Amino acid sequence: MCIYIDIDKSEYHKCLLQILQIISSELNLINRIWSIRIVACQCKTAQRIRINGSLIFYIHLTPLEPMLSKKNKIQKKKETEAVFKKGKSSFDELTGVKVLETENKINRFVIVVSTKVSKKAVARNRIKRRLNEVARLNLKNLNIGYDFFILALPRIVDLDYHQMEKSLLRHFKRLKVIKTKA
């Protein structure tokens with residue numbers, strides 16, 4: 001994730017506050033620990049296009065925790081089709097989830113965001129990353145030995161991370177794959 005900020009020379013004293021506000025607002029959407037690297041540089045293109053002598057801050061945010069690991073992803077087409085055909089399902093206006101009990105000792109996921117959701121690849125990838133993150137963060141709360149097929153539906157485009165998380169958790173409860181507290 002990268003953020004660009006243009007700051008006029010007369011507002012250098014406000015720049016750090018502005019950067020921290022943007023970082024905190026961006027990080028509220030995604031529950032991860034991030035390393036933050038801030039680089040200040042004079043940019044000639046910014047001098048030509050915008051105000052002379054403007055400073056551009058390039059903020060590079062890198063996740064410290066890994067994404068959903070490869071072992072937790074369904075990769076074979078036959079396995080994906082089996083989950084889709086034989087699995088129990090739960091749908092709402094945002095997402096659909098199909099679950100199939102397996103003999104594996106881990107949970108595996110496949111997440112599908114089709115072009116019916118959005119024609120723009122950027123939007124589809126953002127949705128897929130967020131759904132991956134919900135799955136990763138809730139792995140420890142799910143019963144072991146299931147394959148999940150998560151399908152994003154068109155109304156999910158305008159929603160934030162927390163609404164997607166609520167939708168998926170609702171499905172997990174309906175399908176009785178969340179661990180019960182004993």
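Among the numbered criteria (1) over 15 Å from the mean Cα position of the chain (by Cα); (2) of a type outside the set (Asp, Glu); (3) exposed (fewer than 15 other Cβ atoms within 10 Å of the Cβ), which single criterion is violated by residue 90?
Against the list (1) over 15 Å from the mean Cα position of the chain (by Cα); (2) of a type outside the set (Asp, Glu); (3) exposed (fewer than 15 other Cβ atoms within 10 Å of the Cβ), residue 90 comes up short only on (3).
Considering each residue of region 124-181, count those that are part of a strand (DSSP E or B) and among the hydroxyl-bearing types (Ser, Thr, Tyr), and give that number.
1
Name the residue, out of 117, 83, that is assigned to a loop (DSSP other than H, G, I, E, B) and surrounded by 13 or more Cβ atoms within 10 Å (Cβ to Cβ).
117
Looking at region 152-165, which of the residues that are of a type outside the set (A, V, I, L, M) and closer than 29 Å to residue 78 by Cα is surrounded by the most Cβ atoms within 10 Å (Cβ to Cβ)?
Of everything passing the filter in region 152-165, 165 is surrounded by the most Cβ atoms within 10 Å (Cβ to Cβ).
Quick one: which of 149, 109 is closer than 17 Å to residue 75 by Cβ and over 16 Å from the mean Cα position of the chain (by Cα)?
Unique residue meeting the criteria: 149.
Every read-out reported here was derived from the displayed coordinates using simple, explicitly stated rules and does not represent laboratory data. Only a predicted model underlies this, so the values are computations on that prediction, with no experimental measurement involved. With ideal geometry, Cβ positions are generated from the backbone for all residues, glycine too; neighbour counts draw on all protein chains shown.
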